[in-house]
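A short worksheet on the structure shown next.
The values are calculated or read from the model by the stated rules, or taken from the named source; none is laboratory data. Remember, predicted model here, so these are calculated numbers, not experimental data. Using ideal geometry, Cβ is built from the backbone for each residue, glycine included, and neighbour counts are taken over all protein chains shown.
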Amino acid sequence: MPTFVYMTRCDGCGECVDICPSDIMHIDKTLRRAYNIEPNMCWECYSCVKACPHQAIDVRGYADFAPLGHSVRVIRDEEKGTIAWRIKFRNGKKDMELLAPITTKPWGTGQPKLSEVAAPSSEMRNSELLYNEPKYVRMDDGGLHTLESNGLTLKEGVYY
Amino acid sequence: MGYKTIIEDNIDVLVVGAGLGGTGAAFEARYWGQNKKIVIAEKANIDRSGAVAQGLYAINCYMGTRWGENNPEDHVRYARMDLMGMVREDLAFDMARHVDSAVHQFEEWGLPLMKDPDTGHYLREGRWQIMIHGESYKPIVAEAAKKSADKVFNRICVTHMLMDDAKENRVAGAVGFNVRTGNYHVFKSKTVICGAGGASNIFKPRSVGEGAGRVWYAPWSSGSAYGLMIDAGAKMTQMENRIVLARFKDGYGPVGAYFLHLKTYTQNGLGEEYESKWFPALTEMVGKEYLDTEGQHLSHKPIPTCLRNHAFINEVNAGRGPIHMVTMEAFQDPHLEEIGWHNFLGMTVGQAVLWAATDVDPKYENPELTTSEPYVMGSHATGCGAWCSGPEDVSPDEYFWGYNRMTTVEGLFGAGDAVGGTPHAFSSGSFTEGRLAAKAACKYIDDGKAEGIKVSEQQIADFKAKIYKPMETYKVYRNEIVAGSVNPHYINPRQGLDRLQKMMDEYCGGFGVNYMTNEKLLQIGLRKMKVFGEDLESIAAEDIHELLRAWELKHRYLTSESVFQHTLFRKETRWPGYYYRGDAMKLDDENWHVLTVSQRDRKTGEYTMEKAPLYHLVGDAEE
């Protein structure tokens, strides 16, 4: 369902151009505002809708199967850590508001900087372990599963 | 052309494509190579790129060993059953034994995982799936990759791998162009981890016109994982194993949560259960090992996805469509109703838009389902991809050549869709594969395997000429015509994509022929593909955006050619419901209980096919 941009709300800031995974939100050179240059490569992923600081981008269902007159709007707020949706049916009988969390941490604070953690020992380098393992596999003192520990062998042929 | 050449030199680990696989690779590489230079080249913006750009409402691969829920081998057996036996079980076991540690880190990074209020465990959707509020899954994971990488190059369409001029069959980096500035980018690197995506839009989609972007897998998944690696001469496996999805009609909204969590079920147009009546004939086709309905009931083995598709397709062909998802019961519970809608908003908003547009309220109406066009990928319920080495402590000799997840090209590693034979990895498993590849890539460098790489100026110049050729073609021939897109000298990328999709659909088993093909059709298709390959030399791009589409098309073409070759090679119908070889309608374990492996000669473009042995995990007790 292709996105489209409201003329009076867009100020040409380019946030949508910057985020679109399909490279289809471009700035019109004459109007200096964004528009969808290739609707048939739009996945309706809403990345641009969520990124637009002016709620200037909306979606109108694909012309080949979606009738007019519906609305699915969204506001994503990284500071509050929430996403709020509103769905309106064509016939007006359903008007839903749905809220969901998008993160449990202040934005961007939970991820470690691996250049600053203790370097792996040579023993660990020669093992099958990854960063934070084995601890993070089971969150206890257990080790990594191996064929031997689990009593398994790999055998050629038809076995089920 | 006035585009600059920008060279990024002395890279240790270059990550090409930063979806879940690539972000896992970049993140982990920093731990094993704290002083190494780690660079990401991403076609879009890493915050919203790859198949998870839109978000996910579930993590489909989580063992839960911490709560004694499953062991890695249980997951391998499940994937094996679902893929009719065709799984690289060493790789699958390795992914499964590590995957929980990725998920536990996601939680720490702020990804909201739902909890079971009674047990405190992650809320299960099904045996392997846990439910999440994953709208920001990708930006959260991207943040970790960004903290690890020295540099992130967004908007670089990587077109080719650079190859070492000093040593045959060794990677030396990658080249591409910036889709904003148009500049030519050269990345000289000791190793490359290919995290590029699988292929949507190679088979004609059911949607038409404006709706053609409404494909199940992201439209930006341009088969670049395969295009790049095939072009570099890497061996590929299981490329015939395309996947067809039974999904909500038109919007392709996911059904997993509906089946597993909301306990909805399907019925035909007459309101009848229809699956089981197709099973006796199916058992004839595939054998009792693969579909033993009575035994399966007892052993709790799931019915393979392709076989359920088969029942769906045949029921519709018998005139008893449409197939409906029975939602009217579950949706009476307001809590379940809300989950049903959240599920779409979190990962396929378009389905919510469609139901709003068509006034389909699943509380009062059972929505229609459909079977999709086929897709070629390696992380969902299918295992297309590169033939990669497994881990040292698990893999038999035929599956091991020194470095985990390394392809048959030295220094070129894969993750996610790029790795063949590892279905059911999904998002968390793809991330895990990236981590495994990163550790191995660092080891490869530390072992001195990347010494003495040489990249000639000639190679760099040749790729540059090649990359911009579609723009040259446009410039030379555009003004021979008055206006419009009909030109006797060239085709544009959209025209090329339409032609590819038509060939794939009609000759390689798309939805338009009910997923049916045979040797004759495949051979005709391959002849047409050869001519199409010649025409792709005459593709024209009006601007940089079209140049992006031109190179995506070339990657889709290489992917498709490989699908044709593999489908021709495997003379059996291994996955009824995904595709049928009409000239060999039965599963044939005597001749085809093997993995198919191909290689396209870098110079001649000729294919060679071989069979590789299949190893299965066998418990000591079973022996």
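Key figures
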{"read-out": "Positions within region A:26-39 being within 11 Å of chain B (Cβ to nearest Cβ) and touching a residue at least 24 places away in the same chain (Cβ under 8 Å), in sequence order", "value": "A:36, A:39"}
{"read-out": "Of all residues making up region B:120-151, the number that are outside any helix (DSSP H, G or I) and surrounded by fewer than 21 Cβ atoms within 10 Å (Cβ to Cβ)", "value": "8"}
{"read-out": "Residue list for region A:105-160, restricted to those being of a type in the set (Lys, Arg), closer than 22 Å to residue B:30 by Cα and part of a loop (DSSP other than H, G, I, E, B)", "value": "A:113"}
{"read-out": "Residue, farthest from residue B:403 (Cα to Cα), within region A:95-143, restricted to residues that are touching a Lys or Arg at 6+ places or on another chain (Cβ under 6 Å) and surrounded by 17 or more Cβ atoms within 10 Å (Cβ to Cβ)", "value": "A:111"}
{"read-out": "Filtered residues of region B:190-239 (kept if free of Cβ contacts under 8 Å to residues at least 40 places away in the same chain and within 17 Å of residue B:599 (Cα to Cα))", "value": "none"}
{"read-out": "Of residues in region A:53-81 being buried (at least 22 other Cβ atoms within 10 Å of the Cβ) and without any contact (Cβ under 8 Å) to a residue 40 or more places away in the chain, the one farthest from residue A:103 (Cα to Cα)", "value": "A:70"}
{"read-out": "Options B:567, B:573, B:604: the member that is β-branched (Val, Ile, Thr) and either touching a Cys at 6+ places or on another chain (Cβ under 7 Å) or within 14 Å of chain A (Cβ to nearest Cβ) (or both)", "value": "B:567"}
{"read-out": "Only listed residue being surrounded by 22 or more Cβ atoms within 10 Å (Cβ to Cβ) and under 27 Å from residue A:153 (Cβ atoms), chosen from B:66, B:88", "value": "B:88"}
{"read-out": "Subset of region B:254-287 [more than 29 Å from the chain's Cα centre (by Cα) and of a type in the set (Lys, Arg)]", "value": "B:277"}
{"read-out": "Within region B:184-273, strands (runs of 3 or more DSSP E) holding 2 or more residues that are at pLDDT 95 or above and crowded, with 24+ Cβ neighbours inside 10 Å", "value": "B:184-194"}
{"read-out": "Conditions (1) at the interface with chain A (Cβ under 10 Å from one of its Cβ atoms); (2) out of contact with any strand residue (DSSP E or B) (no Cβ under 8 Å at 6 or more places or on another chain); (3) buried (at least 20 other Cβ atoms within 10 Å of the Cβ); number of the one not met by residue B:356", "value": "(2)"}
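Quick grid of which residues meet (1) more than 7 Å from chain B (Cβ to nearest Cβ); (2) under 27 Å from residue B:69 (Cα atoms):
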{"position": "A:58", "(1), (2)": "yes, no"}
{"position": "A:91", "(1), (2)": "no, no"}
{"position": "A:103", "(1), (2)": "no, yes"}
{"position": "A:127", "(1), (2)": "yes, yes"}
{"position": "A:139", "(1), (2)": "no, yes"}
{"position": "A:145", "(1), (2)": "no, yes"}
{"position": "A:156", "(1), (2)": "no, no"}
